[in-house]
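The following block contains the structure, expressed as structure tokens.
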Amino acid sequence: MTDNNNNEIMIIKDNSTPETTVFQSYLKTLNLPSENIIADTSQREAVMKTLPTLLSTISNEDKSNANYLSKFVAASAIGLFDAALNYIWNEVIVNLRTKINYYGLYTFYDNAVGNKRRSEYSNKDDLSGIKDKTLLDTCKKLEWISDIIYRKLCHILDMRNQIGASHPNVSVINAYELLGWLDVCVKEVINEKPSKSAIVAKNIIENIKGLKEEIDDVTIQSLDISFKDLSTNTASALLVTLFGIYVSSDIPTIVRNNILLVSSKLWGYVLESTKYDLGTKKEFYKNNLEKDKEDLAYTFFEKCNGLNYLTLTEKSLTINNLCDDLYLTTHGWDNYYNEPPHS
């Protein structure tokens, strides 16, 4: 409970030993297991004494929405450290989802979800359908979290799955392990600010959809210079999103034209694997008889000088069709006057 004189969080002690608490005694009266259910008094006190300093680094605005941190404090005070670990992880996921919404849901879903299911994801509520590991992998891929933070969060996720309250287990979590995981949550997730590259990519995506006129040459040159400062992963994620917008239905012609202007400059800063992935998407549209998207995708590759990144199947079919046209035209009647320039 809280002492009104010094506002410190204190644990009520009785005449029983540290291993026996009022709560444990109550469990016994119900004929329920009471051993190794809750952490002993010294462990709970260690957490409670450290919490004020650690949580003081969080802004009041962020604290006002940190419901799972409140539940963490409650579980820690009782001594249910395995439940407290679950609440830490829940707070991590809630914060990452908020950051994803800020950076751009369109970008996230384009990189997290396969072609077949992409249409099922559009708003923030759909993030609940993304597995935690996929969420971490995609945030790392987009460089919305660093490689080190990614590794730390993967460790916490693994511990949550192995020794947290989410799955049956008999493991014991000590106070300092719990505090270490909380420290990562607070410093590396809640208090982490957006990167400059992510903000640049976010602004380009938001602004290009609202432009009513063609981007001028000076602006295109300025963008080209700014692309040099983007990491290849950020540039690749940006291109994937622009491609997705370009082939979408009901996109104004001026927006598509501007996307082509920007993408043709961005193309040179993108990972080779991303270019081939987009080529696979073009083939996906073809195989699903999405003629409009297939044609738009071809134009996108053509304007970016990237036709060589189409799949081998696509290129083989194109060459075969051209050979057939050339043969029929060459051996047809009136070919001298009517033959188009196939060869």
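Does residue 176 satisfy the criteria of being closer than 23 Å to residue 57 by Cα, part of a helix (DSSP H, G or I), of a type in the set (Phe, Trp, Tyr) and within 17 Å of the chain's Cα centre (by Cα)?
no
Follow-up. Only one of (1) surrounded by 15 or more Cβ atoms within 10 Å (Cβ to Cβ); (2) at pLDDT below 95; (3) of a type outside the set (A, V, I, L, M, F, W, C) fails for residue 324. Which number is that?
(1)
Moving on. I'd like the full set of residues that are polar (S, T, N, Q) and part of a helix (DSSP H, G or I), limited to the stretch 237-293.
Matches in the stretch 237-293: 241, 253, 257, 258, 263, 264, 273, 274, 280, 287.
Same structure again: Within the stretch 56-114, track down each residue that is surrounded by fewer than 22 Cβ atoms within 10 Å (Cβ to Cβ), polar (S, T, N, Q) and either touching a His at 6+ places or on another chain (Cβ under 9 Å) or within 30 Å of residue 243 (Cα to Cα) (or both).
95, 98, 101, 111
Here's a follow-up. Looking only at the stretch 163-198, count how many residues are in contact with a helix residue (DSSP H, G or I) (Cβ under 9 Å, 6 or more places away or on another chain), under 16 Å from residue 230 (Cβ atoms) and without any contact (Cβ under 8 Å) to a residue 60 or more places away in the chain.
Result for the stretch 163-198: 2.
Another one. If we keep just the residues of the stretch 192-218 that are under 17 Å from the mean Cα position of the chain (by Cα) and part of a loop (DSSP other than H, G, I, E, B), which is farthest from residue 93 (Cα to Cα)?
195
Does residue 249 fit the bill of being modelled with pLDDT under 95, among the polar types (S, T, N, Q) and surrounded by fewer than 15 Cβ atoms within 10 Å (Cβ to Cβ)?
Yes, satisfied.
Scan the stretch 29-44 and report the pairs whose first residue is under 12 Å from residue 79 (Cβ atoms) and in contact (Cβ under 8 Å) with a residue 24 or more places away in the chain and whose second residue is surrounded by 10 or more Cβ atoms within 10 Å (Cβ to Cβ) and among the aromatic types (Phe, Trp, Tyr), with Cβ atoms within less than 8 Å and a gap of 6+ or a chain change.
Taking only residues 6 or more apart or on different chains, the pairs are 38/23; 39/81; 43/81.
Moving on. Only one residue in 109, 103 is in contact (Cβ under 8 Å) with a residue 60 or more places away in the chain and not basic (Lys, Arg), so which one is that?
Within the list 109, 103, the selection yields 103.
Which one is modelled with the highest pLDDT among residues in the stretch 27-55 that are among the β-branched types (Val, Ile, Thr) and exposed (fewer than 12 other Cβ atoms within 10 Å of the Cβ)?
53
How many of the residues making up the stretch 105-143 are acidic (Asp, Glu) and not in a helix (DSSP H, G or I)?
1
Taking residue 168 as meeting all but one of (1) loosely packed, with under 15 Cβ neighbours inside 10 Å; (2) at positive phi, write down the number of the exception.
(2)
Conditions: (1) touching a Leu at 6+ places or on another chain (Cβ under 9 Å); (2) of a type in the set (Ser, Thr, Tyr); (3) surrounded by 15 or more Cβ atoms within 10 Å (Cβ to Cβ). Residue 138 meets all but one. Number of the miss?
(1)
The values are calculated or read from the model by the stated rules, or taken from the named source; none is laboratory data. In this text, all values refer to a predicted model and were calculated from it rather than measured experimentally. Ideal geometry is used to build each Cβ from the backbone, glycine not excepted, and the neighbour counts take in all protein chains shown.
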